[in-house]
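J.: Below you'll find the structure I mean.
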Amino acid sequence: MAARTASIERNTRETQIRVEINLDGTGEARLASGIAFLDHMLDQIARHGLIDLVVEAKGDREIDDHHTVEDIGITLGQAFDKALGDKKGLVRYGHSYVPLDEALSRVVIDLSGRPDLEYFVDFPRARIGEFDVDLFREFFQGFVNHAKVTLHIDNLRGRNAHHIVETVFKAFGRALRVATSRDERLGDVMPSTKGSL
């Protein structure tokens, strides 16, 4: 069984990003994005997805966090796509509902080869600490475009912005874990009637 790992570097005039991923990990994470709240959310992906994850980033944060957050999403998506390999024998679809106190979110993913993000998350405030909540959509859009997946994210209820986003990232990690797991009944069969994803 081939290791499902990848290491990707993305260097632009705005950011320098390095991501390492192991889809068959134990949830270990080494995170240095320079944005503490984003690191906290990336840790949820690793922990709940049982994905080993390294993220190192430097960006033009003197402007704002937009380029750094978006480019981490892009680089993570590229690493995820590379680590998946040919997708033969995978469950392909994954979903998860995750609560945190009053908040509840649902994430559904299809390793479809077709990038599409449906994102329905309303926050009660514009910032969590210093973090602009609009950037979460940019992160997921970058991921989707480069991982080539269909991703539906719905916050079903919640009043606390921190709780809302944490349920989203935990559910995202768990949905990834399901979708990327192997179904031994499939063997080396592609989980698509088209024969490719």
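J.: Run the numbers for Glu9 and Ala32: contour at 0.36 nm per residue of separation, minus the present Cα-Cα distance, in nm.
T.: Stretched out fully, the Glu9 to Ala32 stretch lengthens by 6.9 nm.
J.: Measure nothing fancy, just the Cα-based angle from helix 66-84's long axis to the longest principal axis of the chain, in degrees from 0 to 90, nearest 10.
T.: The helix 66-84 is inclined about 10 degrees to the chain.
J.: Still on this structure, I have one more. At 10 °C and 1.306 mPa s, what whole-number value in µm²/s does Stokes-Einstein give for the translational diffusion of the chain, with Rh from the Kirkwood sum over Cα pairs?
T.: For these conditions, the coefficient is 95 µm²/s.
J.: In whole Hz and in residue order, list the ³J(HN,Hα) couplings for the range 180-197 that follow from phi through the Karplus curve 6.51 cos²θ - 1.76 cosθ + 1.60, θ = phi - 60°; x for Gly and Pro.
T.: 3J(HN,Hα) across the range 180-197, in whole Hz: 8, 6, 8, 9, 5, 5, 7, x, 9, 7, 6, x, 7, 5, 6, x, 7, 10.
J.: Taking only the alpha-carbon positions of the range 1-52 and ignoring solvent, what does the Debye formula give for the base-10 log of I(q)/I(0) at q = 0.16, 0.27 Å⁻¹?
T.: With no solvent term, the Cα-only Debye profile gives -0.51, -1.08.
Laboratory data are not the source of any read-out in this text; all were calculated from the coordinates shown. In this text the structure is predicted, and so the values were computed from the model without any measurement.
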